[in-house]
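Visitor: Handing you a structure now.
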Amino acid sequence: MIKSHESIRNLLQLAPGTAVTARGWVKTRRDSKGVHFIQINDGSCLKDLQVVMEADRAPADLIAKVTTGACIRVEGEMVESPGKGQAVELRGHSLELLGAAPPESYPLQKKKHTLETLREFGHFRARSNTFGAVFRVRNALAFAVHKFFQERGFLYVHTPILTTSDAEGAGAMFQVTTLDLSNPPRLPTTGAIDYSQDFFGKPAYLTVSGQLEAEIFALAFSNVYTFGPTFRAENSNTPRHLAEFWMIEPEMAFCDLTGNMELAEEFLKYLITYVMDHCAADLEFFQQRYEPDLLATLEHVASSDFVRLPYTEAVKILSQASRQWEFPVAWGNDLQSEHERYLTEETFRKPVIVTDYPKQIKAFYMRLNEDGKTVRAMDVLAPGIGEIIGGSQREEREEVLVARIRELGLKEEDYWWYLDLRRYGGVEHSGFGLGFERMMMYVTGMKNIRDVIPFPRTPGHADF
Ligand code: 4AD
Ligand code: MG
């Protein structure tokens, strides 16, 4: 195991003259005038450690195996580096090959690869500069999520992954079964599959959201959050959709839509600031390689007030815009990506919180407004990404909720416990869900959601 003081991140801070052992994977090797220059990286930081080794220190047949992707261990001494790009380098005294990577077959040679190619090598892409930076930022961002809520007294609750309820009432769920699919048991009467013989005695699914269970906990612990994997069987092949993604869902009792919006804005700004403070080198890399405006955009968002815009106003702005929409703008239609982009990138040039959507395009649990037509929904839209957060004040009035469930053709009995929360000790409450990968796209400037999650699952793809 590499102890933290032996990581390359730490070695690069050492004073010249210190004796060290370094381990890592070879990025490149260059031989010049009887000296080998080997760049190694162990994932602890973006920068490689340069190992400089005189030819007589290692046999030629050993050095020949020190190729891109190989794993090596070097003992030596840190010295001042005469070269550009680093203050210190490692003068190697001895070298051990821990794992060769035969160049004739190792797929990631030192030339640059496209992100699409790297996706096919999901087992090696984490060794590249880009994915090293992506996953260090992901690690920091996940930590910041917990830090934010823990500092504010929110209880972290683990909501179930296997579930028998549809939290969004949208039916985009992956079914989980242990029945023999080639010969499932059937009811003698109708011939339908007999789920009483399935593992849970009824149909079960992977969760689409932990919200409904988080509500149970909010009505006992006041302020709670979940942070876990969620699954959606929507067949959307876009750069913003995954079949498996991570979601953060806070839920607060004694909180209305305004409190919900305030928390969402504070949360996003906190995450951005945390990553800027803790991942500066990685963000600079993204700016240089992928998104020239990254740091300016993040600074701008962290320091400006988000726009708050009722849906009806948004439709007004969009219908007055002088442009051809692919999807028609009309009150009652959902906002499409082109509309969200227009609002955030052209009208306001910052995040916009759209509120009070028509009830027919939102989930059953959102609180109905006095107009009977709109609900206390909020979507946070971000430039370049579109919807990053979806949330609402919840319907706490039992009769209104029952009416909505019926109106949408959902089964009241499936939600018996959810309705009980309204019958016993119910109170005003609100919450939202932040798509973790959408946030990752935002802070890294990466354009495809498949490149900010370790192992993307999308229609037709579940490798590794
Ligand atoms: O808007 P959504 O569907 O809201 C909910 O699931 C609520 N239960 C949240 C709540 O109020 N507790 O999803 C929330 C967020 C979206 O705004 C988006 O960022 C992300 O989850 N998201 C996806 N991210 C990647 N791939 C997908 N297929 C996503 N679907 C939603
Ligand atoms: Mg949504």
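Visitor: Filtering region 435-464 down to residues that are part of a loop (DSSP other than H, G, I, E, B) and in contact with a helix residue (DSSP H, G or I) (Cβ under 6 Å, 6 or more places away or on another chain), which residue is farthest from ligand 2 (Cβ to nearest atom)?
Guide: 445
Visitor: Something else about it: Inside region 71-90, can you point out the residues that are under 20 Å from residue 45 (Cβ atoms) and at pLDDT 95 or above?
Guide: 71, 72, 73, 74, 76, 78, 79, 80, 88, 89, 90
Visitor: Does residue 164 satisfy the condition of being more than 10 Å from ligand 1 (Cβ to nearest atom), in contact with a strand residue (DSSP E or B) (Cβ under 7 Å, 6 or more places away or on another chain) and open to solvent by 60 Å² or more (accessible area, probe 1.4 Å)?
Guide: So residue 164 passes the test.
Visitor: Just the residues that are aliphatic (A, V, I, L, M) and either without any contact (Cβ under 8 Å) to a residue 24 or more places away in the chain or within 14 Å of ligand 1 (Cβ to nearest atom) (or both), please, taken from region 200-224.
Guide: Hits for region 200-224 are 206, 208, 212, 214, 216, 218, 220, 224.
Visitor: Tell me which residues, restricted to region 385-404, are touching a residue at least 60 places away in the same chain (Cβ under 8 Å) and touching a Gly at 6+ places or on another chain (Cβ under 8 Å).
Guide: Residues satisfying the conditions are 388, 389, 391, 392, 394.
Visitor: Specify which of the listed residues (421, 401) is more than 25 Å from residue 342 (Cβ to Cβ), assigned to a helix (DSSP H, G or I) and open to solvent by 10 Å² or more (accessible area, probe 1.4 Å).
Guide: On inspection, the qualifying residue turns out to be 421.
Visitor: Please pick out the residue among 279, 255 that is under 18 Å from residue 353 (Cα atoms), away from ligand 2 (no atom under 16 Å from the Cβ), buried (at least 21 other Cβ atoms within 10 Å of the Cβ) and not small (Gly, Ala, Ser).
Guide: Exactly one residue qualifies, and that residue is 255.
Visitor: To continue, here is another question. Which pairs turn up if I take residues in region 429-448 that are closer than 14 Å to residue 140 by Cα and acidic (Asp, Glu) and look for partners that are open to solvent by 10 Å² or more (accessible area, probe 1.4 Å) and assigned to a strand (DSSP E or B) with beta carbon separation below 8 Å, at least 6 apart in sequence or on another chain?
Guide: 437/245; 437/246
Visitor: Oh, and also: So, residue 432, is that one surrounded by 14 or more Cβ atoms within 10 Å (Cβ to Cβ), part of a loop (DSSP other than H, G, I, E, B) and either within 14 Å of ligand 2 (Cβ to nearest atom) or among the aliphatic types (A, V, I, L, M) (or both) or not?
Guide: When the stated conditions are applied, residue 432 does not pass them.
Visitor: Out of region 364-397, which residues are within 15 Å of ligand 2 (Cβ to nearest atom), at pLDDT below 95 and not in a strand (DSSP E or B)?
Guide: Matches in region 364-397: 385 only.
Visitor: State yes or no: is residue 227 hydrophobic (A, V, I, L, M, F, W, C), within 11 Å of ligand 1 (Cβ to nearest atom) and either closer than 16 Å to residue 380 by Cβ or in contact (Cβ under 8 Å) with a residue 40 or more places away in the chain (or both)?
Guide: No.
Visitor: Then there's this: Kindly provide the set of residues from region 183-227 that are touching an Asp or Glu at 6+ places or on another chain (Cβ under 7 Å), over 30 Å from residue 430 (Cα atoms) and not basic (Lys, Arg), ordered by number.
Guide: Within region 183-227, 185, 187 qualify.
Visitor: Filtering region 406-428 down to residues that are touching a residue at least 60 places away in the same chain (Cβ under 8 Å), under 20 Å from residue 166 (Cβ atoms) and hydrophobic (A, V, I, L, M, F, W, C), which residue is farthest from ligand 2 (Cβ to nearest atom)?
Guide: 417
Visitor: Say we look at region 31-87 and pick out the residues that are touching a residue at least 60 places away in the same chain (Cβ under 8 Å) and assigned to a loop (DSSP other than H, G, I, E, B); which of these is most open to solvent (accessible area, probe 1.4 Å)?
Guide: 47
Visitor: Here's a follow-up. If I go through region 321-337 residue by residue, how many of them are more than 26 Å from residue 265 (Cα to Cα) and within 21 Å of the chain's Cα centre (by Cα)?
Guide: Total satisfying the criteria: 0.
Visitor: For residue 197, all conditions in the list (1) over 30 Å from residue 183 (Cβ atoms); (2) more than 10 Å from ligand 1 (Cβ to nearest atom) hold save one; what is the number of the exception?
Guide: (1)
Visitor: Return only the number of the condition from (1) away from ligand 2 (no atom under 16 Å from the Cβ); (2) surrounded by fewer than 21 Cβ atoms within 10 Å (Cβ to Cβ); (3) outside any strand (DSSP E or B) that residue 240 does not satisfy.
Guide: Among (1) away from ligand 2 (no atom under 16 Å from the Cβ); (2) surrounded by fewer than 21 Cβ atoms within 10 Å (Cβ to Cβ); (3) outside any strand (DSSP E or B), the lone unmet condition for residue 240 is (1).
Visitor: Further question on the same structure: Condition first: without any contact (Cβ under 8 Å) to a residue 60 or more places away in the chain and within 21 Å of the chain's Cα centre (by Cα). Can you find one or more residues in region 303-320 that meet it?
Guide: Within region 303-320, not a single residue is without any contact (Cβ under 8 Å) to a residue 60 or more places away in the chain and within 21 Å of the chain's Cα centre (by Cα).
Visitor: Also, quick follow-up: Among the residues of region 396-446, count how many are small (Gly, Ala, Ser) and within 15 Å of ligand 1 (Cβ to nearest atom).
Guide: Final tally of qualifying residues: 4.
Visitor: Looking at (1) modelled with pLDDT of 95 or more; (2) on the phi < 0 side of the Ramachandran plot; (3) open to solvent by 20 Å² or more (accessible area, probe 1.4 Å); (4) of a type in the set (D, E, K, R), which one does residue 356 not meet, given that it meets all the others?
Guide: All conditions are met except number (2).
Visitor: A further question on this structure: Taking the options 127, 119, name whichever one is open to solvent by 50 Å² or more (accessible area, probe 1.4 Å), of a type in the set (D, E, K, R) and in contact with a His (Cβ under 9 Å, 6 or more places away or on another chain).
Guide: From the options 127, 119, the qualifying one is 119.
Visitor: Follow-up. Filtering region 258-276 down to residues that are surrounded by fewer than 22 Cβ atoms within 10 Å (Cβ to Cβ) and among the polar types (S, T, N, Q), which residue is nearest to residue 228 (Cα to Cα)?
Guide: Top of the filtered list is 273.
The values are calculated or read from the model by the stated rules, or taken from the named source; none is laboratory data. These numbers were taken from a predicted model, which means no experiment stands behind them. No Cβ is skipped: glycine too gets one built from the backbone with ideal geometry, and neighbour counts run over all protein chains shown. Each accessible area value is taken on the protein alone, full model and side chains, heavy atoms only, with ligands, DNA and RNA left out. Shrake-Rupley method; radii C 1.70, N 1.55, O 1.52, S 1.80 Å.
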